[in-house]
Amino acid sequence: MAAPDPPPELTVRVRLFAGLREAMGWAEQRLTTAIGTTPATLWPQLDPPDGEALPATVRVAINQQFADPATPLADGDELAFLPPISGG
């Protein structure tokens, strides 16, 4: 009997900016994850220091366009997490 097929996967480039980069200790990684993964469901896999859920103040961009954290990712996407930005 043949072994079952592995679950489908996709590879994304994850980028962190500013305070998120400093808090997590890295700026960019390539990650392989399951089809159907969203930025919100990927966030806990990044081992964030302040808990598991994506903070409401963190903005998400997919392929350099702001996106909803519930948007499904596609193979080859660039996913960026951006902390709140202040300034004048």
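The values are calculated or read from the model by the stated rules, or taken from the named source; none is laboratory data. A quick note: this is a predicted structure, and the numbers were derived from the prediction, not measured. No Cβ is skipped: glycine too gets one built from the backbone with ideal geometry, and neighbour counts run over all protein chains shown. When the accessible area is computed, the model is the full protein with side chains, heavy atoms only, and any ligands, DNA or RNA have been set aside. Shrake-Rupley method; radii C 1.70, N 1.55, O 1.52, S 1.80 Å.
Worth a mention:
- Consider region 15-32 and keep the residues that are in contact (Cβ under 8 Å) with a residue 24 or more places away in the chain and within 10 Å of the chain's Cα centre (by Cα). The one that is nearest to L79 (Cα to Cα) is R15.
- Scan of region 30-76 for residues that are more than 20 Å from P8 (Cα to Cα) and touching a Lys or Arg at 6+ places or on another chain (Cβ under 8 Å), ordered by number: F66
- Check on P44, modelled with pLDDT under 95 and in contact with a Ser or Thr (Cβ under 9 Å, 6 or more places away or on another chain): no
- Among the residues making up region 54-73, those that are in a loop (DSSP other than H, G, I, E, B) and either free of Cβ contacts under 8 Å to residues at least 12 places away in the same chain or more than 12 Å from the chain's Cα centre (by Cα) (or both) are P55, A56, T57, Q64, D68.
- Residues within region 40-52 that are open to solvent by 50 Å² or more (accessible area, probe 1.4 Å) and without any contact (Cβ under 8 Å) to a residue 12 or more places away in the chain, tallied: 3
- Filter result for P83 (farther than 18 Å from A27 by Cβ and in contact with a Gly (Cβ under 7 Å, 6 or more places away or on another chain)): no
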